[in-house]
Amino acid sequence: MKLQLRKVEEKDCLLLFKWINDPEVRKNALTPKEIGWEEHQEWFSNRTRSENTKLYILENEAEPVGQIRFDWENDYWKISYSVEKNSRGQGLGTKILELGLNKIDGKVKAWVKADNPKSKKIFEKLGFHQVAHLRESVEYELIK
């Protein structure tokens, strides 16, 4: 595998739209409803222009295989990531988080659905500590 993170580009809007509406991604999202195209376009435009968002595409051999996003909220980075369906089960969740965490400094938080053991295991493997167990999610934190 030859993995690299690159910043999101305008051409990635449709790709991210397809990934965000993948049934497995929606199942594991804290807000499971499908995202409409116009809503996504507005979100994409706002995020790519914001200085408080860092959004990257993971490429394997120059092919996009996942995305990771960091949003600055209060005093921490909120993390979100996904791996496209044909690339799951190859350890890319761990890799995308490792590469992404190298791009930022400071406190990082993640909220993972309580019934998503794979993602919980990845965060714990990377040194995140559980700080709260909410009704439907688990809050994790890493201080770098």
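Derivation of every value follows stated rules applied to the coordinates shown; laboratory data play no part. Worth saying up front: this structure is predicted, and the values here are computed from it rather than measured. Reconstructed Cβ throughout: ideal geometry from the backbone, glycine too, with neighbour counts over all protein chains shown.
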Taking H placed 1.01 Å from N in the peptide plane, check which residues at least 5 places from residue 65 or on another chain put their amide H under 5 Å from its amide H.
58, 59, 60
In the chain, which whole DSSP H runs stretch at least 30 Å along their own axis (Cα) and average -0.5 or higher on the Kyte-Doolittle scale?
none
Can you give me the Kirkwood hydrodynamic radius for the chain, using every pair of distinct Cα atoms, in Å to one decimal?
15.6
If you scale each eigenvalue of the Cα gyration tensor by 5 and take the root, what three semi-axes come out for region 28-112, rounded to whole angstrom and sorted largest first?
20, 18, 13
Using only alpha carbons, build the gyration tensor for region 1-46 and give me the equivalent ellipsoid semi-axes, biggest first, whole Å.
20, 16, 8
Amide H neighbours of residue 107 under 5 Å, at least 5 residues apart or on other chains, H built in the peptide plane: list them.
77, 144
What longest range of the chain stays clear of loop-exposed GluC sites (Glu not before Pro) (DSSP non-H/G/I/E/B, at most 13 other C-beta within 10 angstrom)?
62-135
